[in-house]
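Worksheet for the structure shown next.
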Amino acid sequence: MSEYCFPPRFLWGISMSAFQYEMGASKESVDPNSDWYVWLHDPFNVVNGRVSGDVPENGPGYWDLFRTDHDWAKWIGLNAWRINPDWSRIFPRSTEEVKVDVHRDEGIIDIDITERDLEKLDKLANADAVKHYEEIFRDIKEKGMKLIVNLYHWPLPLWIHDPIVARDSFLREGALGWYEERSVVEFAKYVAYVAWKFGGLADMWSTMNEPNVVWMLGYNNLIFPPGVICPEASLRVAINMIEAHARAYDQIKRFTGSDYVGIIYAVTPSEPLTDSEEDRRASEISDYRSTLWYFEAIINGILDTSFGDMFEGEKITRKDLKDKADWIGVNYYSRSVVTSFKEPYFYRVVPNYGFACSPRSKSSDNRPTSDFGWELYPEGIRKAINLVKVYGKPLMITENGVADSRDYIRPWQIPTHLAQVYKAIREDGANVMGYLHWSLIDNLEWAAGFRQRFGLIYVDMETKRRYPRPSAFIYREIVRNNCIPEYLEEYARFPNILV
Ligand code: BGC
């Protein structure tokens with residue numbers, strides 16, 4: 001008997017995003033109307049090494065080859081597929097001419113979008129893109145998989161965000177994306193429209209993927225659009241994205257009545273470097289700022305504008321933000337190890353643990369690291385689950401995987417992490433509905449390009465042919481058994497050979 005068996009009706013799936021997969025197999029698949037498209041083509045970014053020089057037009061071509069990829073999912077035996085439409089494909093041009101009623105108090109507390117508004121939006125939408133997404137979604141359903149529709153996975157239409165002007169003017173000119181409040185209103189229109197159009201097809205909804213990565217990497221780093229370093233802007237973007245999530249949640253509820261409208265979040269649990277009181281406190285602040293701060297707002301309706309005493313601000317009670325997630329998606333890749341640091345930061349991340357390691361080496365804890373230099377730390381997925389479990393919502397692992405082009409550590413990565421998910425369910429009582437691996441196939445890893453390979457299935461980007469890696473067979477065995485079968489249990493422990 002296998003030790004690690006998952007609950008009946010557990011969802012086994014994969015996650016994907018539009019921008020990282022769609023282009024590559026035809027001219028028609030190219031969508032040049034998003035900030036990310038422009039960002040990756042920008043010569044200044046390429047010359048300065050802020051992006052890899054790889055472009056989405058050379059990608060795996062899901063827009064044309066979606067049926068093939070859905071067949072691969074069936075070959076594995078999957079019963080769930082997470083996907084998003086891209087806003088820039090649905091509305092390549094501005095939707096601002098469709099006027100809607102916006103109610104304000106401490107911020108935007110409600111947006112009235114009527115059927116008439118939706119009909120107007122329908123005239124502005126790109127009908128070909130809408131039809132194409134419908135074909136994709138139907139094929140997923142026809143192949144017997146639950147369809148999890150996420151609304152936003154990072155690219156913004158250019159009319160909402162021109163990242164080059166935003167970068168070069170240091171957020172003074174041009175379309176400034178999430179930095180501007182108008183994005184909250186336009187996002188709600190786009191979301192309402194998609195909910196209205198595809199309401200009958202989706203089994204579950206999520207408003208956004210990893211808003212925290214957008215405000216962290218876009219405004220505290222140079223590699224994500226708009227690539228400015230400005231903590232105050234980062235906080236403003238974070239607050240706008242909280243509001244945008246809440247107003248998007250309202251629209252999906254209104255137009256679909258779904259009981260499963262949630263959020264997908266990058267949960268990186270932290271650990272103190274030492275057992276000292278200062279380090280333990282540092283770790284608490286890190287967990288608060290990177291995860292709990294957000295959920296305090298969207299579940300408990302408490303918006304802390306001081307971001308854990310980093311800025312002047314206070315905890316504001318906002319009823320309009322409260323209870324805005326029916327489920328929480330946890331994306332987990334690694335941990336962070338922190339130590340105490342001067343005010344107002346109170347902590348700093350310690351190198352050679354978590355995301356701060358060298359590629360293909362080992363961490364200070366003797367754990368293998370990925371091609372990206374991320375430490376494989378399976379215990380962290382259990383901690384991530386427990387960190388958000390306190391909010392009492394059903395959970396799902398919505399991303400977990402590893403950049404490993406040689407498929408050298410992935411055969412261990414999957415069972416070791418799943419064994420920890422199993423423990424969270426059995427020993428900690430967590431309600432985890434499913435596990436979605438990142439990724440089914442190789443794709444464009446944002447600023448890092450095609451070098452970072454997350455696929456269970458290798459993609460030859462020249463010919464677009466797909467070849468399963470050994471770990472695809474391992475995932476398949478687990479999925480088909482709904483257990484880590486006994487003969488694979490050795491894979492649930494990292495052997496010394498990897499470190
Ligand atoms: C994102 C994916 C990305 C993956 C690996 C997540 O942060 O949602 O788009 O490819 O991590 O970096």
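Structure summary
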| quantity | calculated |
| --- | --- |
| Tally of residues being farther than 18 Å from residue 20 by Cα and within 16 Å of the ligand (Cβ to nearest atom) across segment 220-237 | 2 |
| Subset of segment 58-107 that is touching a helix residue (DSSP H, G or I) at 6+ places or on another chain (Cβ under 7 Å) and among the polar types (S, T, N, Q) - its residue that is farthest from residue 26 (Cα to Cα) | 95 |
| Residue list for segment 336-357, restricted to those being within 16 Å of the ligand (Cβ to nearest atom) and either at pLDDT below 95 or surrounded by fewer than 24 Cβ atoms within 10 Å (Cβ to Cβ) (or both) | 336, 355, 356 |
| Filter result for the condition that a residue is touching a residue at least 60 places away in the same chain (Cβ under 8 Å), outside any loop (DSSP other than H, G, I, E, B) and farther than 17 Å from residue 155 by Cα, over 75, 39, 63 | 75 |
| Some residue of segment 156-179 being closer than 24 Å to residue 127 by Cβ, within 16 Å of the ligand (Cβ to nearest atom) and buried (at least 18 other Cβ atoms within 10 Å of the Cβ) | yes |
| Flag for residue 297 being part of a loop (DSSP other than H, G, I, E, B) and at pLDDT 95 or above | no |
| Among residues of segment 369-387, those that are away from the ligand (no atom under 16 Å from the Cβ) and either within 16 Å of residue 454 (Cβ to Cβ) or in contact with a Ser or Thr (Cβ under 8 Å, 6 or more places away or on another chain) (or both), counted | 2 |
| Qualifying position, being buried (at least 24 other Cβ atoms within 10 Å of the Cβ), part of a strand (DSSP E or B) and hydrophobic (A, V, I, L, M, F, W, C), among 191, 149 | 149 |
| Meets criteria (closer than 14 Å to residue 408 by Cβ, of a type outside the set (S, T, N, Q) and crowded, with 22+ Cβ neighbours inside 10 Å) for residue 494 | no |
| Those residues of segment 212-226 which are outside any helix (DSSP H, G or I) and under 13 Å from residue 307 (Cβ atoms), in sequence order | 220 |
| Conditions (1) out of contact with any Ser or Thr (no Cβ under 9 Å at 6 or more places or on another chain); (2) within 14 Å of the ligand (Cβ to nearest atom): number failed by residue 455 | (1) |
| Test result for residue 323, within 18 Å of residue 285 (Cα to Cα), more than 16 Å from the ligand (Cβ to nearest atom) and part of a loop (DSSP other than H, G, I, E, B) | no |
| Test result for residue 211, over 24 Å from residue 133 (Cβ atoms) and modelled with pLDDT of 95 or more | no |
| Residues that are among the polar types (S, T, N, Q) and within 23 Å of the chain's Cα centre (by Cα), drawn from segment 449-472 | 452, 471 |
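The values are calculated or read from the model by the stated rules, or taken from the named source; none is laboratory data. Owing to the predicted nature of the structure, the values given are computational and were not obtained by experimental measurement. We place every Cβ from the backbone using ideal geometry, glycine too, and count neighbours over all the protein chains shown.
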